[in-house]
Structure formats: C-alpha cells, structure tokens
Amino acid sequence: MRSPNRRSSNRWSKTVLAFAAFSLLPIYWLVVLSFQPNRASETTLNLIPSPPTVQHYSFIFFNQDWVDGYWNAAVYVFLNVFLTLVVSLPAAYGFSRFRFAGDRQAFFFVLVFRMIPPAVVMIPFFEMFSDLGLIDTHMAVAIAHCMFTVPIAIWILEGFIGAIPTEMEEIADVDGYSRFGFFLKILFPQIRVGIAVTAFFCFVFSWAELILANSLTTVQAKPIGVIMKIVASPVGQVHIGIASAASVLMLIPGTIFLWLLRKHLVRGLSMGRVA
Amino acid sequence: MAVRRNYRNTGWLLVLPAFAVLCVVGILPVLTSVNYSVQDSFSGDQFFWVGLSWYKELLGSPAFWGALARTLAFSTLTLSLQFVIGIFVARKLYFVQSRPELFLPLFSLPLLMPWIVVGFLWRRAMDPDIGLVGTALSLVGMQPDLNSVGWAWTIIVILDVWHWTGLIIVLCFAGYLSIPKPYFQAAQIDGASSWNTFRYVELPKLRNVLIVGALIRLADSLMIYTEPFMVTRGGPHVATTFLSQEIIQTATMEFNLGEAGATSTVYLLLVIPFAWTLYRMMENDR
C-alpha cells in the first residue's frame, strides 16, 4: 500500500467506486420509479424513466393532505431542533468546562437516552400527551423527539466546545463580558459550525423517526411519512409511483443540508471528536 | 483534551434545563412502562398489582427469547459487516483514491433516508422480476424470496449494510486524517507489512471513532423496527421479528401492557451494560 504523501494526482480505487455505486444506484433507481407510470414500474426494470411523467409529483402537490403532511413534518422538526439547541448548548458548555459532583455519571446518563427504543416509550408518551391535551399537535412530536435529539446534541456540542481553548473565557472576563454576553457574542460565533452540524443531526433523526410521530398524531399534525405508509407498506395498496415520489421529496431537505455542510461532515459525524 | 476544567458545582445549573427535558421525555415514560410491568390491566383503565408475574411469564416465553436471540444475532451480524467493509473502504479512500473528500457526501446519502423509505425501496429493489438488485441476482440464478427465512434475513442485512456503512466509512476516514503522516513513514522505514501497519499504527488511532460508531450503531440496530416491518412484516412466521416489534405487537395488538412493559424493562436492563462499557472505553481515552 502506498503512503498517502506520495499519492499521485489521479488515482481511482475500485473498492471506493464499487461502494459508491452500491450506495447511489438504489437512490437513483428510486428517482427513476418516481418519474415513470406504475404500469412501467410493475412490469420492467428501467434505468431511465420510460415514458417519463411527473404525474406522481403533481398528485402530491395538488393533494392538500400530502402538502400538509410535508409541512407538518417540517414544523415539528424545526420546533424540535430549536428546543434541543436551547437546552443542549448550556448543558454541553457545562459538561465541557466544569467538573462537578456526578458529572461523569450525568454525561453517561445523557447518552443512555439515545439507547431507549421508541417502541418502549410509545404507549407511555401517548398517555402522557393525552393527559396534557397535546395529542395531534406538532409540539407533542417535537417534545417526544427530544428523547434522542438532546443526547446527540449535547454529545456533538461538547466535542466542539471542548476544542476551544479556555483562555477565551479568561479574556472575555477581563474584557468585562457578562456570562450571557459571552455566550452570545463570543462562544456562539466560534462554534457556529458545531451548531449547524448539531441541527443537521437532530434534523436527520427527527425527520426519519415515525413510530412516535405516527402514534402521537391523527389528522392535524400527521407527517408525510405516515401518509406515505398507506401507499408504501406491504399490507396496504402499494402505489409505487406516489410512494417513490414522496420518498424523493423527503430526501431533498436532507440532501441540501448535507451539501451545505459537506466540508464539516468529517468533524460532525465523528461527533466533534476528530479534527 | 487540552481544556482545563474547574471544579464548580454551578456546572449543574447549566446542565439542569437539559436534565429537566430528559426527565420528562425519558425517565417519566420509562417509569410508566416499568409501572405497567407490575400490573395487569382490564379495558385499559383498571389496573391490578400483579408483582413480578409478567417477568416470570416473560422469562418462560419462547417468543421473547426468540426475539431477543434474533435481535442480538442481527446486531452482531450487521455491525461486523459494517465495520469490516467500512474500515476497508475508508482505508482505500485514504490511501488510494484521489480527492477522497468528494466521496464523503455520496457515502452519507443513505444515512439521510427516512427509515420507512429504506424499507420500501429495498423491498422493491429485491423483487426478482422488476427490482434493481433482484433482477441482477436472478441473472446469476438466484431468486430472492421473502417466504424463505434465509432470503428474508439476507435482504434485511444488505439493507442495513447499505443504510449505515457510510457512517462507519466517514468516521474511519476522519480517524485516518487524524493520524500524523510521520507514523506511516516510520512504519515504512521499519519495513512493516501492510497488515502490521494496519494492526499497530492505524487501528489504535482509529479506536476512538470506532467506539463512537459502535455506540450509535449498537443503539439503532438493537431497536430496529421500521425497516424489517416494511420489508417482511417480521416474517416468514416470526423469523425477522425483533424486540421492538415484539413490544409494539404485545402492547397494541394483544393490548397486553403488562407484558410489553416487562419486555421493555428487560430490554433497557440489557442495553445499559453495553453502553457503560463503551462509555468507559471512550472516557479512558480522554
């Protein structure tokens, strides 16, 4: 194996290319399915939509339920990201900068929540939010999703804050910044990449989760994924075209987000633990 | 870590809001679930104390042991594949491929897929007549068939490898970037074989990111539900029914909150030691 500092300018690894094909082909094929009529998708394997059609997309765009579903998912994910950042930023700062009684146990405790399956808390959440009269609201799903987004957020942010030297606080102190002023004017600008990466991960997990989103919503706050289940689940009446078009639409926000953060992906995915 | 941390219990004040939220969305529902596990319920609103009898029933139930064994087998299998393939591809990406950073967003694309989409896509893709992968397989004489236990498992394992290996690749690539170049030069001068360089130079440096990956992957693979549900609905028979599905079925189809609560409690008790071990390994590196 060659050493990396002698890497020539144009070398291709077969393994890397093969894995890239394995990763991307199914997604490409999903796009193909979304642009061709069902009678084509149900009879032959096409790698180019034939005949091409946008009927499935127009079905979704002109159907209020689907449009609302997309909007609902966007609303609760946005609420969730906001809530998560508000409580996680100070916590991550606390874990990163102070030692206090039981801090290691507390940090572990935070991680453990990431391991609780939605299946375990589904019924208790339903009871809880029923008592509060929050069933079928965006807020219910946003709060429920905090169970796994808050641990991820604290973890990632702690890594990013930990990479900033403590001298910064000392200088801010000398300059007469209050703690709040320091947070707002000095710390946030320094870790804005970390905040963006955190928001991205909260977005990914909250957008993908459907067990809780399904059980906590009925009509008003039902997300597009739950609506899609009707035409995608093997028990239902499967509609390949609409299900594929909805899938592609659900991929778009994440892809844009990913593209904007592509330079910080390495650091973000390693939870801020590697440069 | 170069950061100096002062001992100050005011740290707790900063952590408090997050803790309050986690108590409401974590501890409260888990305790409710534990509470169900020691009671029997009639028509959903009358509860009777039954002590540990649900646990006794659970430990004697083949359905529970089966689901537990399948879940552990699934996690072991998919994690092994993802880590072996992930490290291998990351290594090629780092040593051979030019402009490797361009591949990272591509490998991350499957991670963005909502889980329901992953299930839908792979059920279609494995169709032997019209599916992307299924037709390719039938060209070489294999017929993916959801009624066969072997194929059902193969499809779900490939699906999971497709969905998550990108995470391991990006993590390991990050690990490789953090290895100082002189390490490789030293290994080269010493005439270390490719394998020895990997074993004694690269692997120790990747340890950190591998633990992070193991923690995330272990959590998600043990709780897998949506993907197998969309592909096989847990079948044939119960061959791909994992613990999460077992819990949801017991609670919502058999309306047996007690047994579902007991299964949940046992699940959590099993997960905590795993998480603690990985956490300790991570802490030791800090």
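The values are calculated or read from the model by the stated rules, or taken from the named source; none is laboratory data. Source: prediction; values computed, not measured. In this analysis, Cβ positions are derived from the backbone assuming ideal geometry, glycine residues included, and neighbour counts consider all displayed protein chains. Accessible surface is based on the protein model in full, side chains and every heavy atom, while ligands, DNA and RNA are left aside. Shrake-Rupley method; radii C 1.70, N 1.55, O 1.52, S 1.80 Å.
The condition (being outside any helix (DSSP H, G or I) and either at the interface with another protein chain (Cβ under 9 Å from one of its Cβ atoms) or among the hydrophobic types (A, V, I, L, M, F, W, C) (or both)) is satisfied by just one residue among B:VAL201, B:VAL212, B:VAL238: B:VAL238. Looking across the range B:181-194 at every residue that is within 11 Å of chain A (Cβ to nearest Cβ) and part of a loop (DSSP other than H, G, I, E, B), the one that is farthest from B:ALA90 (Cα to Cα) is identified as B:ALA192. Checked across the range B:195-209, the condition of being open to solvent by less than 10 Å² (accessible area, probe 1.4 Å) and touching a Ser or Thr at 6+ places or on another chain (Cβ under 7 Å) holds for at least one residue. A:PRO124 passes every criterion in (1) facing chain B (nearest Cβ under 7 Å); (2) in contact with a Ser or Thr (Cβ under 9 Å, 6 or more places away or on another chain); (3) in contact (Cβ under 8 Å) with a residue 24 or more places away in the chain apart from (3).
For beta carbons closer than 6 Å, sequence separation of 6+ or different chains, a first residue in the range B:263-285 that is within 20 Å of B:LEU206 (Cβ to Cβ) and more than 10 Å from every other protein chain (Cβ to nearest Cβ) and a second that is open to solvent by less than 70 Å² (accessible area, probe 1.4 Å) and part of a helix (DSSP H, G or I), the qualifying pairs are B:MET281/B:ILE211. Quick one: count up the residues across the range B:80-126 that are open to solvent by less than 40 Å² (accessible area, probe 1.4 Å), of a type outside the set (A, V, I, L, M) and either closer than 16 Å to B:ILE224 by Cβ or not in a helix (DSSP H, G or I) (or both). The qualifying residues number 8. Would you check if there is a residue in the range A:182-192 being of a type in the set (D, E, K, R), at the interface with chain B (Cβ under 10 Å from one of its Cβ atoms), free of Cβ contacts under 8 Å to residues at least 40 places away in the same chain and surrounded by fewer than 22 Cβ atoms within 10 Å (Cβ to Cβ)? Among the residues of the range A:182-192, not one is of a type in the set (D, E, K, R), at the interface with chain B (Cβ under 10 Å from one of its Cβ atoms), free of Cβ contacts under 8 Å to residues at least 40 places away in the same chain and surrounded by fewer than 22 Cβ atoms within 10 Å (Cβ to Cβ), which makes the answer no.
Look at (1) surrounded by fewer than 18 Cβ atoms within 10 Å (Cβ to Cβ); (2) of a type in the set (Gly, Ala, Ser); (3) over 25 Å from A:TRP71 (Cα atoms) and you find that A:GLY162 fails only one, number (1). Going through (1) modelled with pLDDT of 85 or more; (2) polar (S, T, N, Q); (3) more than 18 Å from the chain's Cα centre (by Cα); (4) open to solvent by 20 Å² or more (accessible area, probe 1.4 Å) one by one, A:SER244 falls short only on (4).
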